Structures are given as C-alpha cells and as structure tokens.
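Okay, structure first, notes after.
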Amino acid sequence: MKNIGFLFAISAAIGWGLVYAIDQRILTKISPLTIMLINSALTVVIVLPFLFFEKNTVRDLSSMNKMNWLLFIVAMILTVVSNFLILSGVKLLGASPAAILEIAYPFFVVLFSFLLFGQTVSWYFVLGSLLIFAGSAVIIVTS
C-alpha cells in the first residue's frame, strides 16, 4: 500500500509541475480568481458523479464532531487563500520561482504539526524540512 502512496505522491508532483507551467501562460490573460472559479466549477462537475458511488461520504461528514468541523472549515478557507496566493505568485514571479518558494511547505508542515497538534517529529524530518527551506532560499536569492 505504501508503494501506491509513493506513486500517487510522485504523480501529484508531476501534475502540479505541469499545472504551474500551464498556469503561468494562462495568467498572462486572466486573473487568479478567474482560474479559481473555473477550477471550482469543474471540480464540482467532475467529483459530483463519484459521490453517488461513495456512500460513506455523507456518513463521514455527519459523524464529525464540532472540533473536526472547525478544523475542516479552517482547512478549506486556508486552501482557498493558499490557492489564490500561489496563483498570484505564479502570475507575478513566474512558475519556477513561485514553485521553489512554495516547496518549502514541508518545513511549515513539521512546525505546525508540532505546535498545533503536539505531533512528535524526528530530527530527520526537522533537518530535511530545514534543508528544503534553505535550498529554496538559496535558489531564490541566487537567481
């Protein structure tokens, strides 16, 4: 099962790389908000049919407690804001610099997982995320 997880994650990275390159071209003509609106509409059209086959979806939502609902809403708001910010970054900086800066997010995943949820992290995760963050900074400063 882990191998499939790695395959999915690598495939997502390839997909996002292609999306950023395409978005850079598209953003010369339209705004980040327009892309987000079209993306959201297409997501509904594409995902809605699958919800009819996935019977647990409604049950999963109805079984969430108040804290999970709050976290869910905060995560959705952050997703929208983050999508707007990265698309704006691609428009203003270009796909490569924006993506290099965004790839520093593992540092923040480790930091917030520790600070907000008390998740223990190994020094390997801390060191790796710091190296990613530092590498991103080096690439941006020297380019």
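Every read-out reported here was derived from the displayed coordinates using simple, explicitly stated rules and does not represent laboratory data. Keep in mind that what you see is a predicted model, and the values were worked out from it rather than measured. Neighbour counts run over all protein chains shown; Cβ positions are idealised from the backbone, glycine included.
In what sequence do D60, D23 fall when counting other Cβ within 10 Å, fewest first?
D60, D23
Please list, or write none, the aspartates and glutamates whose alpha carbon is within less than 13 Å of the alpha carbon of K29, excluding same-chain residues fewer than 8 places away.
The reachable aspartates and glutamates, counting only those whose Cα sits under 13 Å from K29, number zero.
Who wins for biggest fluctuation among P106, P49, P32 in a Gaussian network model of the chain, springs between alpha carbons below 10 Å?
Result: P49 has the largest fluctuation of those listed.
Where is the GNM fluctuation largest for the chain (alpha-carbon springs, 10 angstrom cutoff): T79, T34, T120?
Sorting by GNM fluctuation, first place goes to T120.
For labels at L115 and I10 in the simple 7 Å Cα→Cβ model, what's the distance in nm?
3.4 nm
Rounded to the nearest 500, what is the chain's calculated 222 nm mean residue ellipticity when only DSSP H runs of at least 4 contribute -39500 (n - 2.57) each, over all residues?
-29000 deg cm²/dmol
Express the relative contact order of the chain as a whole percentage, based on alpha carbon pairs under 8 Å and six or more residues apart in sequence.
26 percent
Spelling out what I want: for every residue of segment 2-16, take phi, set θ = phi - 60°, compute 6.51 cos²θ - 1.76 cosθ + 1.60 (Karplus), and round to whole Hz; glycine and proline get x.
Whole-Hz 3J(HN,Hα) from phi for segment 2-16: 4, 4, 5, x, 5, 4, 4, 5, 5, 4, 5, 4, 5, x, 5.
Report the one residue of I4, L37, L130 whose Cα lies farthest in the direction of the positive end of the charge dipole of the chain (charges on C-beta: Lys and Arg +1, Asp and Glu -1; origin at the Cα centre).
It is L37, whose Cα lies furthest towards the positive end.
Which of these, F117, F72, F125, has the largest mean-square fluctuation under a Gaussian network model of the chain (Cα springs below 10 Å)?
Taking springs between Cα atoms under 10 Å, the residue moving most is F117.
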